[in-house]
1. Taking neighbour Cβ counts within 10 Å as the exposure measure, how do 139, 11, 221 sort from fewest upward?
2. Sequence neighbours fewer than 8 away in the same chain don't count; with that in mind, list the lysines whose C-alpha is under 19 Å from residue 107.
3. Based on DSSP, what percent of beta bridges with both residues in the chain are antiparallel, to the nearest 5?
4. Going from the alpha-carbon gyration tensor of the chain, what semi-axes, largest first and in whole Å, does one get by taking the root of 5 times each eigenvalue?
5. How much net charge surrounds residue 248 when only the other residues with a Cβ under 11 Å from the Cβ of residue 248 are counted, with Lys and Arg +1 and Asp and Glu -1?
6. Order by neighbour count: 160, 147, 122, 94, fewest other Cβ atoms within 10 Å first, most last.
7. Per the helix-only calculation at 222 nm, which mean residue ellipticity applies to the chain, given -39500 (n - 2.57) for every DSSP H run of n ≥ 4 and division by its residues, nearest 500 deg cm²/dmol?
8. Compute the signed sum of charges (Lys and Arg +1, Asp and Glu -1) over the other residues within less than 13 Å, Cβ to Cβ, of residue 235.
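Values quoted throughout were computed directly from the atomic coordinates according to the rules given, and no laboratory measurement underlies them. Every value quoted in this text rests on a predicted model; they were computed, and no experiment measured them. Here the Cβ positions follow ideal geometry from the backbone for every residue, glycine too, while neighbour counts run over all protein chains shown.
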Amino acid sequence: MAMSDQDDKTTHFGFQDVPEAEKAGRVHGVFTSVASKYDVMNDAMSLGIHRLWKDAMMDWLAPRAGQRLLDVAGGTGDIAFRFLRRAGDAQAVVLDMTESMLIEGRKRAEAARLADSLDWVVGDAMALPFEDNSFDVYTISFGIRNVTRPEAALTEAYRVLKPGGRLMVLEFSQLPNDGLQRLYDLYSFNVIPQMGRAITGDRDSYQYLVESIRKFPDQGTFLAMIRAAGFENAKYRNLSMGIACLHSGWKI
């Protein structure tokens, strides 16, 4: 981002530069539009591989009984459900800025079975409505690239985690090979928006989502952001050669 952009407080909405104050509303519009078909589109876009990525996230996270999870941008509950099934006796809070996404999550069968262990909260990743030092685990899955200021979200993650708490971020990332990246971009820009039109009736929202992936920092840059927020022992693991990436850090 150029210095003048910083001075004018602009940010990226896909490939557009927009005022920071507008981004949250635009993102809210995207996810309100696609909420009812969000899970179907995730399966279609990734050929179901997003489920393996989320399982890999749980493998590295190793949930334990008694832990309290905050899943930010948790939408339809995928991560929280996986966490609770693996942890056994634990608690989870799903936070999302888009109420219609949370409503879809509450409709899922797992939500009824896990209701005593699960809360759904409308809120902002950059201003979490929780006390300091109140969660053992913070996760955000395919959500941080939609936050207006990811640095602020990471600072908030650090604040609400207990000492010894764990951050884990699952996000689309960059392939290390230029040729593979070009092939992936061809698929992303030509297939996914059309798939969005066919499945949800909304091409533009999926055009934004594809663009937002390309604007997100690469693995090393994002790792540095996690460390700058105060997290220790920060590491990442590429998934599917870097199409997605898991980042982990600890509040020591």
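1. Final ranking by Cβ density, sparse to dense: 221, 11, 139.
2. Once the sequence-local lysines are set aside, what remains near residue 107 is 37.
3. In the chain, DSSP labels about 45 percent of beta bridges as antiparallel.
4. In descending order, the three semi-axes are 26, 22, 19 Å.
5. +2
6. 122, 160, 147, 94
7. Result for the chain: -15000 deg cm²/dmol, rounded to the nearest 500.
8. With Lys, Arg at +1 and Asp, Glu at -1, the net is +2.
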